[in-house]
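The values are calculated or read from the model by the stated rules, or taken from the named source; none is laboratory data. Bear in mind the structure is a predicted one, so any value in this text is a computation, not a measurement. Cβ placement follows ideal geometry from the backbone for every residue including glycine, while neighbour counts extend to all protein chains displayed.
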Amino acid sequence: MTQITATVDFEADGKQIGWLRVPHSVTRSAYGTLPVPIAVIRSGDGPKLMLSAGNHGDEYEGQVVLTRLIQTLQPEDIRGTLFILPALNLPAVLGATRVSPLDTGNLNRVFPGDPNGGPTWKIADYVENVLLPMVDFVADFHGGGASLEYRPHASTHFGADASAEHKQKCLDIVRKLGVPHVMIFERRASGGGLPDAAVRQGVVSIGGEYGGMASVARPGVALVQQAVDRLLACLGMKGELPAGIPTPTTMHVFGPTAYAYAPEPGLFEPATELGDSIRQGDLCGHMLFPENPARPPIAVTFNGEGDVVCKRHPGRVEAGDCVAHLAAPLDI
């Protein structure tokens, strides 16, 4: 049973802006709570959609768009119900960190959570067992955060045993968002991400990576805004889709060989750019050692084939840091 209480009525028509109060008892505040912001906008019967950002606190494009959406959208503008959470892992958002500074929890790895765990686990439990059962669709907006730069893509997620009809519904939606590249993920039933939680609850899951490098990129913000607008139109909640939407390139991350890793600590100099087409054995970059300049560089190569869709942002790396990853076209 969740310990989180909501200050909003999920069944009431109209617009409410309130809080999910997450218990957090500390020396400074014995009965303290963390106020995770939530808006509920409801206008009669219709689709039920949850929009979230700040799952990782250092990914900002979604936070910008959803904050503005709460300020501007009115019940008379839509048909159906919207739950909007612009700062889902509030401690991470306030700390500008990927994981929560309170319990080191990575929210997108701890689902289904624990109602008696740390704040991150409490939030995951509430999302999976309270919020998701109330909606038909969820869209969770990500970026690369402080450590990564992404070529923007929209994504959708479904379980390996999903019906052909469910898969097609997911694909039809994500391909209408206007993002040139679409990523498809087949999820595990036991997975710890919010998309895995959505799959377990039978909810259509939409996501994507829209920026990176812990900045607020104007093109990324514009893509998220477009994706939200078109998602609302696609679901029949607000507006209409434009005519002649180009068919995006559908891709997938094809497994462990899609990733390249630093073999040891040092300074990584990349040899590729986002969008480059890669063959197995191609150079990813070099490890350099300015603290020992007589030491020769170490080449890091790719083990798979595809496009570079993600690159590490900081130059200094530790052994095991991901320095790039690939995705390949998918015929689906």
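Go over the candidates ALA233, ALA262 one by one and state the one that is in the same structural domain as ARG151 (by TED's automatic domain parsing), modelled with pLDDT of 95 or more and over 21 Å from ILE184 (Cα atoms).
Numbers: ALA262 fails: in the same structural domain as ARG151 (by TED's automatic domain parsing).
Sole residue among the options that is in the same structural domain as ARG151 (by TED's automatic domain parsing), modelled with pLDDT of 95 or more and over 21 Å from ILE184 (Cα atoms): ALA233.
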> Can you name the residue in segment 4-32 that is among the polar types (S, T, N, Q) and within 25 Å of the chain's Cα centre (by Cα) and, of all such residues, is surrounded by the fewest Cβ atoms within 10 Å (Cβ to Cβ)?
Replying inline: THR5
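Which of the residues spanning segment 140-176 are among the small types (Gly, Ala, Ser), under 18 Å from GLU209 (Cβ atoms) and touching a helix residue (DSSP H, G or I) at 6+ places or on another chain (Cβ under 6 Å)?
Filtering segment 140-176 for residues among the small types (Gly, Ala, Ser) gives 143-147, 154-155, 159-160, 162-164.
Narrowing the set further to residues that are under 18 Å from GLU209 (Cβ atoms) leaves 143-147, 154-155.
Across segment 140-176, the qualifying residues are GLY143, ALA154.
Within segment 257-279, does at least one residue satisfy the condition of being of a type outside the set (S, T, N, Q) and without any contact (Cβ under 8 Å) to a residue 12 or more places away in the chain?
Among the residues of segment 257-279, not one is of a type outside the set (S, T, N, Q) and without any contact (Cβ under 8 Å) to a residue 12 or more places away in the chain, which makes the answer no.
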>> So, LYS167, is that one among the charged types (D, E, K, R), over 19 Å from GLN226 (Cβ atoms), touching a strand residue (DSSP E or B) at 6+ places or on another chain (Cβ under 9 Å) and buried (at least 23 other Cβ atoms within 10 Å of the Cβ) or not?
In response: no
>> For segment 193-293, give me every one of the strands (runs of 3 or more DSSP E) that falls completely inside it and has 2 or more residues that are under 30 Å from TRP121 (Cβ atoms).
In response: 204-209, 259-261
> Which condition number in (1) free of Cβ contacts under 8 Å to residues at least 12 places away in the same chain; (2) acidic (Asp, Glu); (3) crowded, with 17+ Cβ neighbours inside 10 Å is the one that GLU291 fails?
Replying inline: (3)
> When only residues in segment 88-130 that are in a loop (DSSP other than H, G, I, E, B) and among the hydrophobic types (A, V, I, L, M, F, W, C) count, which is surrounded by the most Cβ atoms within 10 Å (Cβ to Cβ)?
Replying inline: LEU88
